[in-house]
Amino acid sequence: MPARDPRPNLTAREHEVLRLLADGNTNDQVAKTLTISADTVQTHVRNAMKKLGADTRTQAVASAMRQALIH
């Protein structure tokens, strides 16, 4: 059985959203920056949280930083 990569497979957009959240942006601010809807931002956040095994946005950002997925 091949070894599994323990790092989650985040999409490029999920990386962008998490990076902007790490900078202290709200969903509305992220939406404006990326020219997408706040609902779409929330979907990306929810998907990233699930992939990272996080219960909160803060946990997702912290996990992504610990894994060097975002800086």
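What follows draws every value from the coordinates through simple rules; no lab data is involved. All values derive from a computational prediction rather than experimental measurement. Ideal geometry is used to build each Cβ from the backbone, glycine not excepted, and the neighbour counts take in all protein chains shown.
For segment 12-66, what relative contact order do you get, as a whole percent, if you take Cα pairs closer than 8 Å and at least 6 residues apart? With pairs under 8 Å counted, the relative contact order is 33 percent. Here's the picture: charge each Lys and Arg Cβ at +1 and each Asp and Glu Cβ at -1 in the chain, and of Gln42, Pro8, Ala60 the one pushed furthest to the positive end of that dipole is Pro8. The stretch between Thr33 and Lys50 holds 3.8 nm of extra length on full extension. This uses 0.36 nm per residue minus the Cα-Cα distance. What the Cβ-Cβ distance of Thr43 and Met65 gives, at R0 = 22 Å and to the nearest 0.05, is a FRET efficiency of 0.55.
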